Amino acid sequence: MPGSEPDTSAPRRAPALAIALGLALVAAMLGVGKLALRESAVVPLPKHRAPDFKATRIGGESVRLSDLRGKVVVLNIWATWCKPCEEEAPSLERLYQKIKSGPLGGDFEILAVSIDARSRDAVLPFQRKFNLTFPILFDPDGRVSRIYQTTGVPETFVIDREGTIREKVVGPREWDRPEMVQWFSDVVREGTGGAPAAGARPAG
């Protein structure tokens, strides 16, 4: 109305709203940062402790990596839509069968962690197609991938009996080459007083 004082509350409210939104954004970023620090507190590189995690198998039972301490574990992070993953899956199964059928087969395990969003619906046909018998775990939200700081699939981590990462392998491998089978066999034997592993290292 003529003669009335102008309303100055709106200009004052705008900066206050911007400040509030800025503070909320900073708080959210700090929260994400703390989560990332918790999940990557252990650097997933060779000679470092393998970060622990818990995931679910196809049958519904949970598996925790630390429960396998005392075994050599091959942690393979993969996806059904990944062509290199499909190419290496049969050789990974053959490696599994060769080591598991040996005298120290009980001290060896493969954990194949699928990052497929559709999880069971995508993985079951893949498992049947290649007759995979090693444990397959689900990671649809990518938590295991974040913990291990993977940049793609497949990526594989060889974890020794003490829970230490021995090798990090980026990309596919022909896992059942004789020299590689020999290397894995030696790594499994190391914990029983065997000689240091010889043969072809997976990351070599």
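Each value in this text was obtained by applying a stated rule to the coordinates, not by laboratory testing. Quantities reported herein were computed from a predicted structural model and do not represent experimental measurements. Glycine also receives a Cβ, built like all others from the backbone with ideal geometry; neighbour counts cover every protein chain displayed.
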Task: Geometric extent, Cα atoms of the range 73-128 - Rg, Dmax (angstrom) - done: 12.3, 38
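Of the DSSP beta bridges with both residues in the range 45-204, give the percent that are antiparallel, rounding to the nearest 5.
60 percent
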- [ ] Starting from the Cα of K168, draw a straight line to each of the lysines and keep only those under 24 Å, dropping any in the same chain fewer than 8 residues away.
- [x] K47, K54, K71, K83, K98, K100
- [ ] Take E93, E162 and order them by how many other Cβ atoms sit within 10 Å, fewest up front.
- [x] E162, E93
Task: Stretchable slack from R69 to T151, in nm (0.36 nm times residue separation minus alpha-carbon distance) - done: 26.9 nm
Task: Spacing of the two label points (7 Å from each Cα toward its C-beta) at R143 and K100, in nm - done: 2.6 nm
Task: Convex hull of Cα atoms in the range 66-204, direction-averaged projection (nm²) - done: 7.8 nm²
Task: Inter-label distance for W81 and F130, nm, one decimal - labels placed 7 Å from Cα along Cα-to-Cβ - done: 1.7 nm
